[in-house]
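The values are calculated or read from the model by the stated rules, or taken from the named source; none is laboratory data. Please read all numbers here as calculations on a predicted model, not as lab measurements. Quick reminder, even Gly has a Cβ in these numbers, built from the backbone with ideal geometry, and neighbours come from all protein chains shown.
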Amino acid sequence: MIDVQDISVSIAGTQILNQLSFRAGAGQVTSIVGPNGSGKTTLLKAITGELPYHGAIAFDGADIRSYSSTALAARRAVLPQAAALSFPFTVFEVVRLGLLSGLHGQSDDLPARALAHVGLAGFEGRFYHALSGGEQQRCQLARVLVQVWEPIRDGKSSWLLLDEPVSALDIGHQLEVMKIARDFADRGGSVIAVMHDLNLTAMFSNSVALLAKGRMVTQGRPIDVLTNSHLSAAYRCDVRVNEAPAAIHCLPYLLPHMASVRRAAE
Amino acid sequence: MALFDISVAPAARRPIGDRRDRAVQAIWASAILLAVMAVASLTVGASGTSLFGALLDWAGGQGIGLRERVILFDIRAPRMLMGVLVGASLAVSGAVMQGLFRNPLADPGLVGVSAGAGLGAILAIVLGGLLPASIAAITGMYTVPVAAFLGGWLTTMLLYKVATRGGRTSVAVMLLAGIAVGALSGALSGVLVYMADDAQLRDLTFWGLGSLAGATWGKLAVAGPLIGLSLCATPFLAKGLNGLTLGEATAQHLGIRVQRMKNIAILTVAGATGAAVAVSGGIGFVGIVIPHLLRLLIGPDHRFLLPASALLGGSLLLLADMISRTIIAPAELPIGIVTATLGGPFFLYILLRNRGILDM
């Protein structure tokens, strides 16, 4: 459980987040949505410890700043928006960096399994910087998955904090990546994802936080948050939620079920 | 605990893209090369006698002549050890700087550490004569090395203070401050060169181009512990530098204590570079060429890159020193000229051949 209480964040004198509160529960996919500049990434960076803030962020009941970096690394992995490498690593070596947190010893088969998981099987020997943008994003996701491979570890939920995990991906891979996140949460893990695509958000999230101008508009179930009035006000344009034919507000409840049915069929 | 964690499991079926086996082989090959170079460095030179036989005799427990003993153990041995230490510290400092600054072209020369050390040395050469006799008597032959080390150390501390705010060191600010400090050191050095007399100018030129000619057991006793201590710190940096290739934030997320790691890295580079510049002057290109070459061969994993850089850096400097001692014997060419002549074109060649890998 991550509990953000009344945090404010300023960057270079500009207030980005203003008295914002946010919650993400264990075993859930919690999405953060909102227009550009609304503070989505800033909120995620406050939670990851990259940005200083006023207010309180509790992680499983204790102040998140009271955890050592090693203890945090054992519990949560972070996928940044852009990840440029300074040196020519191979894909295998990049994914293996996820093992730096020291959780899984030297288990050499984990990177290959994670790469297969994100659809990059056989890419181990390629150079990272020779991959396409979407492949790099999935390679980084594999690294992040390697860091917190077990969704539940020592009885505690592991966390994936994803900043726009599907921004560089085609629709097929967008679905694949969101299914990985959903599956991680279904197995007891927890996911916080900064999202732009409201359809994917509706399909895969348990909880949605809608931000605008550094404040929380509302947070709750997708069906309650993703409404015409909330979205139109937040995005300052006319947004109509299309309930037919897909009836998207039903999907969050159907989809986990469908996913498990599909897994059983496989 | 092994100093470097290079004890990888037997390669049953190493995944493709995993270059650890090749890295371990490269470390062994570099170690063998260094041993060969060390023996060659003891026995090749301008003396005109066969020292290899004398060395074998000595190793076999037989007595050798006074002349051979003096050349081998009083002249060449300290010089050889100094070459190994200076080469290793330059190459490792380059590799650590590049990892720290996340920039494959970073080098102690780039952030002004070498320039600061150089300014210290020049100050000592030009103004050393103004020291009160009592102090000069104490500092003696160590004036220039100690001043160079202090210059490098103070520069690093100054840069660090400028670039650190609230416990966080900004690499960009440090890089820019380094350029400013380098320019300032250059200007001050220029003023001092202008003030220098002819004999001092000769000293300055020779020192600036770099040489191992002044190596003695005494200087080795001054520089050796500092360089050795710095090199011993590098194994603790390898993991952190690996994480840092993904950026500071991601390194932190991986559980690396980034700020502590940066502190150790900066102290290591200041110690190793300051001591190396102090005893050998400005020897360029080792810190850039060696880590580059090794990254192309074994990849950028610092657990292997740092020890391999130390071994290969030592070998390269011994080779350059042998060339500098023999090519215009009995005179000596400053070693900086040799490393620049070997390193410059070689560096261009690897850049041209590997633009694809480096262009990222």
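Quick look at the values:
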{"read-out": "Among (1) away from chain A (no Cβ under 14 Å); (2) modelled with pLDDT under 80; (3) within 30 Å of A:Ala121 (Cα to Cα) - the single one B:Gln25 does not satisfy", "value": "(2)"}
{"read-out": "Subset of the stretch A:97-108 that is more than 8 Å from every other protein chain (Cβ to nearest Cβ) and either touching a residue at least 24 places away in the same chain (Cβ under 8 Å) or not in a loop (DSSP other than H, G, I, E, B) (or both) - its residue that is nearest to B:Arg20 (Cα to Cα)", "value": "A:Leu99"}
{"read-out": "Restricting the stretch B:198-221 to residues that are crowded, with 20+ Cβ neighbours inside 10 Å and not in a helix (DSSP H, G or I), the residue that is nearest to the other protein chains (Cβ to nearest Cβ)", "value": "B:Gly210"}
{"read-out": "Among residues of the stretch A:22-68, those that are part of a strand (DSSP E or B), in contact with a helix residue (DSSP H, G or I) (Cβ under 6 Å, 6 or more places away or on another chain) and either polar (S, T, N, Q) or over 19 Å from A:Gln219 (Cα atoms) (or both), counted", "value": "1"}
{"read-out": "Residues (surrounded by fewer than 24 Cβ atoms within 10 Å (Cβ to Cβ) and either under 16 Å from the mean Cα position of the chain (by Cα) or under 22 Å from A:Asp108 (Cβ atoms) (or both)) located in the stretch A:146-156", "value": "A:Trp149, A:Glu150, A:Pro151, A:Arg153"}
{"read-out": "Considering residues of the stretch A:38-68 that are crowded, with 22+ Cβ neighbours inside 10 Å and of a type in the set (Gly, Ala, Ser) only, the residue nearest to the other protein chains (Cβ to nearest Cβ)", "value": "A:Ala46"}
{"read-out": "Unmet criterion (only one of (1) without any contact (Cβ under 8 Å) to a residue 24 or more places away in the chain; (2) of a type outside the set (Val, Ile, Thr); (3) within 20 Å of A:Ser69 (Cα to Cα); (4) within 12 Å of chain B (Cβ to nearest Cβ)) for A:Asp154", "value": "(4)"}
{"read-out": "Flag for A:Ala121 being surrounded by fewer than 15 Cβ atoms within 10 Å (Cβ to Cβ), without any contact (Cβ under 8 Å) to a residue 12 or more places away in the chain and part of a helix (DSSP H, G or I)", "value": "no"}
{"read-out": "Test: residue in the stretch B:290-309 that is within 14 Å of chain A (Cβ to nearest Cβ), of a type in the set (Ser, Thr, Tyr) and in a helix (DSSP H, G or I)", "value": "yes"}
{"read-out": "Which listed residue is without any contact (Cβ under 8 Å) to a residue 12 or more places away in the chain, surrounded by fewer than 20 Cβ atoms within 10 Å (Cβ to Cβ) and more than 14 Å from every other protein chain (Cβ to nearest Cβ), from B:Ile328, B:Ile323", "value": "B:Ile328"}
{"read-out": "A:Leu161 surrounded by 17 or more Cβ atoms within 10 Å (Cβ to Cβ) and touching a Gly at 6+ places or on another chain (Cβ under 6 Å)", "value": "no"}
{"read-out": "Given (1) crowded, with 24+ Cβ neighbours inside 10 Å; (2) within 23 Å of A:Ser205 (Cα to Cα); (3) in contact with an Asp or Glu (Cβ under 7 Å, 6 or more places away or on another chain), number of the condition A:Arg143 does not satisfy", "value": "(3)"}
{"read-out": "Lone unmet requirement of (1) at pLDDT below 85; (2) surrounded by 14 or more Cβ atoms within 10 Å (Cβ to Cβ); (3) within 19 Å of B:Leu119 (Cα to Cα) for B:Met195", "value": "(2)"}
{"read-out": "Residue within the stretch A:171-184 that is free of Cβ contacts under 8 Å to residues at least 40 places away in the same chain, of a type in the set (Gly, Ala, Ser) and touching an Asp or Glu at 6+ places or on another chain (Cβ under 7 Å) present", "value": "no"}
{"read-out": "Failed criterion for B:Gly282 (all others in (1) within 15 Å of the chain's Cα centre (by Cα); (2) within 29 Å of A:Val95 (Cβ to Cβ); (3) in a loop (DSSP other than H, G, I, E, B) hold)", "value": "(2)"}
{"read-out": "Some residue of the stretch A:71-78 being touching a residue at least 12 places away in the same chain (Cβ under 8 Å), more than 17 Å from the chain's Cα centre (by Cα) and under 20 Å from A:Ile7 (Cβ atoms)", "value": "no"}
{"read-out": "Hits in the stretch B:246-278 - residues which are touching a Gly at 6+ places or on another chain (Cβ under 7 Å) and more than 20 Å from A:Val148 (Cβ to Cβ)", "value": "B:Gln259, B:Met261, B:Ala270, B:Thr273, B:Gly274, B:Val277"}
{"read-out": "Residue satisfying condition, being within 26 Å of the chain's Cα centre (by Cα), surrounded by fewer than 20 Cβ atoms within 10 Å (Cβ to Cβ), on the phi < 0 side of the Ramachandran plot and assigned to a helix (DSSP H, G or I), within set B:Arg22, B:Arg69", "value": "B:Arg22"}
{"read-out": "Test for A:Leu160: is it in contact (Cβ under 8 Å) with a residue 60 or more places away in the chain and either in contact with a Phe, Trp or Tyr (Cβ under 8 Å, 6 or more places away or on another chain) or of a type outside the set (Val, Ile, Thr) (or both)", "value": "yes"}
{"read-out": "Test: residue in the stretch B:222-232 that is over 19 Å from B:Gly87 (Cβ atoms) and more than 13 Å from chain A (Cβ to nearest Cβ)", "value": "no"}
{"read-out": "Selection within the stretch B:233-247 - in a helix (DSSP H, G or I) and in contact (Cβ under 8 Å) with a residue 40 or more places away in the chain", "value": "B:Thr234, B:Pro235, B:Ala238, B:Lys239, B:Leu241, B:Asn242, B:Leu244"}
{"read-out": "Check on A:Ala209, of a type outside the set (S, T, N, Q) and either without any contact (Cβ under 8 Å) to a residue 12 or more places away in the chain or more than 24 Å from A:Gly155 (Cα to Cα) (or both)", "value": "yes"}
{"read-out": "Single residue of the stretch A:69-96 satisfying the filter (at the interface with another protein chain (Cβ under 7 Å from one of its Cβ atoms), assigned to a loop (DSSP other than H, G, I, E, B) and closer than 25 Å to A:Ile47 by Cα) that is modelled with the lowest pLDDT", "value": "A:Ala83"}
